[in-house]
Amino acid sequence: MKSQSVNLDGLDLNLLRVLDVLMQERRVATAAQRLQLSQPAVSNALGRLRKALGDELLTRAPNGMEPTEFAKSLHATLQPALASIGQSLQAKASFDPALSVWQASIAMTDIGEIVFLPPLLSHIAQAAPGLTLETLRDDQAKPNAPVGSITTAMAEGKVDLAVGWLPDVTEGLYQRKLFTQRYVCIARQGHPMLSAKKPKLTLEKFLQAEHIAIRAEGTGHTKADETLQSISQGSESRKVRLRVPNFLSVPQIVSQTDLIATVPEKLAQQCAEAFKLQVLPHPVNMPAFELKMFWHRRVHTDPANQWLRALIVEFFAR
């Protein structure tokens, strides 16, 4: 048969699986049995391959079928490729978090690390000892920069999940609401304005106190700070003594000063005992917000990502 150029785009790749089995069995009948096809179907597939590849591939011989030199060369490349594909499919079907060694990257804020990581890591140590977590931040040089960068990083495989308040991420990613959160105020125990047995933080006291303001650019928390900037009563307005880019140092600073801070309730609850803080209802009608988990379609059906998402939902969805 005269050789010809082959256009892979027009080749039915299912035929290569037939060739692989024929090369191993050297008989149409046994190949058909393995492939769970009829003998005419296997013969037809071989005929189509001969025509597409311009080679006899296998010829009749006394003890079955004898491959041509081209078929031997092709199969030497084809067989490991098919084996690799099979191993990948099997790995997906048999994923076991307890036995797998893998890494996962989660984009989250400092609040996320404080709230999410302790219970997650405690469970993972037992359920998935081969899992290494990495938390990531995005470039916060410009307002809203993390929104675009998170979506891009997920599409490029650099980030597996994102958790946080990202109200500007409205399309391009799957998302799952975890819980609704409100803001509270924190102050040290023994704060001179709040020393009563049952202290109440009124709007008047709130405006008289000195504050830490948290920018947290690129997240929804900037909206909360903007709301507080607009609050005033008569000639009084919020007195900001310190501005910080994130929440990480806020509980410790509050515990050692007379500054107060507006923070999400879960962060306040997590830090109150360790830093001896008072957690007080906010005197300003602050809007609640939804904290969500985000992921890209690239990992939507990945069993490891599915397992991690299910774990986060189990622990935190309310």
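What are the residues in the stretch 121-160 that are at pLDDT 85 or above and of a type in the set (D, E, K, R), if any?
Of everything in the stretch 121-160, those that are at pLDDT 85 or above and of a type in the set (D, E, K, R) turn out to be Glu134, Glu156, Lys158, Asp160.
Within the stretch 45-76, track down each residue that is under 18 Å from Asp12 (Cβ atoms) and assigned to a helix (DSSP H, G or I).
Selection gives Ala45, Leu46, Gly47, Arg48, Leu49, Arg50, Lys51, Ala52, Leu53, Ala71, Leu74, His75.
May I ask you to list the residues in the stretch 168-226 that are over 26 Å from the mean Cα position of the chain (by Cα) and of a type in the set (Lys, Arg)?
Arg188, Lys197, Lys198, Lys200, Lys205
Has the stretch 160-173 got at least one residue that is over 30 Å from Trp295 (Cβ atoms) and in contact (Cβ under 8 Å) with a residue 12 or more places away in the chain?
no
With the requirement that a residue be surrounded by 14 or more Cβ atoms within 10 Å (Cβ to Cβ) and assigned to a loop (DSSP other than H, G, I, E, B), what does the stretch 20-44 give you?
Scanning the stretch 20-44 gives Arg26, Arg27, Leu37.
Select the strands (runs of 3 or more DSSP E) contained entirely in the stretch 206-269, then report the ones holding at least 1 residues which are surrounded by 22 or more Cβ atoms within 10 Å (Cβ to Cβ) and not assigned by TED's automatic domain parsing to the domain that holds Ile150.
Of the strands (runs of 3 or more DSSP E) lying wholly inside the stretch 206-269, those with at least 1 residues that are surrounded by 22 or more Cβ atoms within 10 Å (Cβ to Cβ) and not assigned by TED's automatic domain parsing to the domain that holds Ile150 span 210-214, 259-264.
Restricting the search to the stretch 161-195, which residues are crowded, with 21+ Cβ neighbours inside 10 Å and out of contact with any helix residue (DSSP H, G or I) (no Cβ under 8 Å at 6 or more places or on another chain)?
Scanning the stretch 161-195 gives a single hit, His191.
Please go through (1) in contact with a helix residue (DSSP H, G or I) (Cβ under 6 Å, 6 or more places away or on another chain); (2) assigned to a helix (DSSP H, G or I) for Pro283 and return the number of the only condition it doesn't satisfy.
(2)
The values are calculated or read from the model by the stated rules, or taken from the named source; none is laboratory data. Just so you know, these numbers come straight off a predicted model, no measurement behind them. FYI the Cβ positions are ideal-geometry reconstructions off the backbone, even for glycines, and counts take in every protein chain you see.
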